[in-house]
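The values are calculated or read from the model by the stated rules, or taken from the named source; none is laboratory data. The structure presented is a predicted model; accordingly, all values stated were derived computationally and were not measured. Here the Cβ is made from the backbone with ideal geometry for all residues, glycine too, and neighbour counts use every protein chain on show. All accessible areas refer to the heavy atoms of the entire protein, side chains included, with ligands and DNA or RNA removed. Shrake-Rupley method; radii C 1.70, N 1.55, O 1.52, S 1.80 Å.
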Amino acid sequence: MIIEPRMRGFICLTSHPDGCAQNVKNQIEYVKSKGAIAGGKKVLVIGASTGFGLASRISSAFGSDAATIGVFFEKPPTEGRTASPGWYNSAAFEKEAKQAGLYAKSVNCDAFSDEVKRQTLDLIKADLGQVDLIIYSLASPVRLDPKTGVLHRSVLKPIGDTFTNKTVDFHSGKVSEVSIEPSNGDDIENTVKVMGGEDWEMWIDALKAENLLAPGATTVAYSYIGPSLTEAVYRKGTIGRAKDHLEATAFTITDSLASIGGKAYVSVNKALVTQASSAIPVIPLYISLLYKIMKEEGIHEGCIEQIQRLYSERLYTGKEVAVDDKGRIRIDDWEMRPEVQEKVAKLWLEATTENIPEISDLEGYRSDFHNLFGFGFEGVDYKAEANEMVNVESIA
Ligand code: NAI
């Protein structure tokens with residue numbers, strides 16, 4: 001079929017298998033161009049199909065020659081209907097890994113469930129014996145608690161007061177004011193349940209209980225802080241409470257790994273266009289201004305550059321891992337440079353529908369958004385027939 005983008009708000013209903021494969025290849029080439037990383041060799045990535053998790057899987061495999069098991073929740077294709085992009089990314093990743101002689105298997109289902117943990121543990125036991133790096137990179141709007149059977153929904157709301165600020169519709173370029181009502185009822189608890197550290201800890205406990213963690217195993221989950229411009233809706237909002245919980249969980253896990261000399265870290269990453277971040281109001285405007293400044297300064301990075309740098313300049317340097325006063329790895333350091341933030345804050349005040357094409361990198365935002373779904377890649381003939389029925393080899 002000929003596959004074209006069909007955008008609906010902050011999602012795209014179609015994705016392009018060849019474009020997704022090109023995206024994966026480009027990331028692999030980047031990692032290879034940066035040279036070997038003395039990182040984990042048997043790696044489990046939870047949330048491995050898109051965004052930071054995919055970049056982590058690629059960095060481990062093609063930077064450290066690692067065997068990888070990827071867990072994700074993606075929609076396979078049916079005749080005439082494309083898969084979700086993470087499916088095609090994973091299909092392409094496994095193909096490239098196989099060609100490079102690297103072990104790669106995937107588990108496609110709800111990572112919050114006991115069944116998927118069981119399935120993954122069995123796979124590790126049978127094929128790898130133990131894992132030495134576990135990346136936790138889930139971004140999900142819902143979580144079914146396997147213990148209670150309760151379905152929790154996370155919300156992206158401020159806490160206390162209504163938050164009113166500028167936002168941009170990144171498709172039309174219209175800048176407008178948005179008001180977001182504060183959280184109420186169980187909103188905070190539910191968001192912490194979904195995006196906090198409870199499930200991360202459950203994964204590590206389950207791995208440890210069955211002796212599947214190698215001595216000195218490391219686990220890393222991803223967090224975000226961002227500037228004062230977005231803090232009402234992000235860091236001081238419901239999602240921020242979940243990130244507080246995730247960050248606190250790193251200490252609990254580190255304590256529980258003392259007997260094997262293991263360590264849990266949270267890495268604070270840069271704001272980037274992913275399926276998760278494009279759903280958060282206000283963030284697209286911030287990201288398009290940030291991209292403009294960071295590109296001008298020559299310090300822009302995407303997910304793959306971020307994770308390659310996280311591995312090579314933070315986690316696997318042979319020295320002690322550098323952390324901030326709250327114990328977090330900071331790979332958002334370039335985003336948070338005062339001169340970058342001052343420029344973004346100034347542009348934020350000036351931003352209107354009329355000037356947004358010049359003062360922001362909305363084009364870059366849009367292009368990244370299209371890329372998430374496999375559209376807009378050089379070297380892909382989008383007018384040609386594409387085969388939507390692509391398998392992920394280890395799942396098919
Ligand atoms: P993403 O939407 O690109 O990736 C989410 C991944 O989670 C996908 O692999 C998806 O299949 C998987 N997933 C979702 N629900 C699942 C489930 N129930 N079972 C199994 N897999 C499931 O998201 P992104 O942006 O890469 O986020 C990953 C982490 O990075 C999140 O913790 C996010 O808060 C954090 N982060 C994101 C930033 C951003 O600007 N995008 C900045 C800093 C941190």
ALA126-LEU13 pseudo-label distance in nm [points 7 Å out on the Cα-to-Cβ vector]: 3.8
Stretch gain in nm, segment GLU177-LYS98, where the contour uses 0.36 nm per residue and the Cα spacing is subtracted: 23.5 nm
Spatially proximal lysines relative to LYS166 (Cα-Cα < 17 Å; intrachain offsets below 8 disregarded): LYS157, LYS174, LYS343, LYS346
GNM flexibility winner over the chain from LEU257, LEU54, LEU44 (Cα, springs under 10 Å): LEU257
Residue-wise HN-Hα coupling along region 381-396, computed from phi with Karplus coefficients 6.51, -1.76, 1.60 (Hz; x: Gly, Pro): 8, 6, 8, 7, 4, 10, 8, 6, 7, 8, 9, 8, 3, 6, 9, 4
Nonlocal amide H pairs with SER394, under 5 Å, H built at 1.01 Å: SER106
Residue-averaged 222 nm ellipticity for the chain, from DSSP H runs of 4+ at -39500 (n - 2.57), nearest 500: -11500 deg cm²/dmol
5 angstrom amide H check on VAL131, placed H, neighbours 5+ away: LEU213, ALA214
Cα gyration tensor, region 81-208 - rounded (a/c under 1.5), prolate or oblate: oblate
Region 42-148 shape via C-alpha gyration tensor axes, a/c threshold 1.5: oblate
C-alpha center-to-center spacing [region 289-364, region 110-135] in angstrom: 33
Amide H contacts of SER223 (H built 1.01 Å from N, under 5 Å, at least 5 apart or other chain): SER267, VAL268, ASN269
Residue-by-residue Karplus 3J(HN,Hα) for region 213-224, coefficients 6.51, -1.76, 1.60, Hz, glycine and proline x: 9, 5, x, x, 4, 10, 10, 9, 10, 10, 10, 9
Candidates per GluC sites (Glu not before Pro) in region 1-108, loop by DSSP, up to 15 other Cβ within 10 Å: GLU79
Per residue solvent-accessible surface (Å²) - the chain, probe of 1.4 Å: 42
Accessible area of region 239-367 belonging to carbon and sulfur atoms, whole % at 1.4 Å probe: 53
Shape category assigned to the chain from the gyration tensor of Cα positions, a/c cut at 1.5: rounded
Rounded Å value of the spacing that divides the Cα centres of region 11-52 and region 154-233: 23
Charge dipole (debye, nearest 20) of the chain; +1 at Cβ of Lys and Arg, -1 at Cβ of Asp and Glu: 480
Aspartates and glutamates with Cα under 18 Å of LYS117, excluding same-chain neighbours fewer than 8 positions away: GLU74, ASP127, ASP132, ASP145, GLU198, ASP199, GLU201, ASP205, GLU210
Which listed pairs, of LYS41/LYS208; LYS75/LYS263; LYS41/LYS125, have C-alpha distances above 22 Å, in listed order: LYS75/LYS263
GluC sites (Glu not before Pro) restricted to region 293-396 and DSSP loop, no more than 16 other C-beta within 10 Å: GLU297, GLU320, GLU354, GLU378, GLU385, GLU393
Dipole magnitude (debye, nearest 20) for region 213-280, charges at Cβ of Lys, Arg, Asp, Glu: 140
For region 345-354, Karplus couplings with θ = phi - 60° (6.51, -1.76, 1.60), whole Hz, Gly/Pro x: 4, 5, 5, 4, 5, 7, 4, 9, 4, 5
Within the chain, longest stretch clear of exposed trypsin sites (Lys or Arg not before Pro) (DSSP loop, no more than 12 other Cβ within 10 Å): 148-318
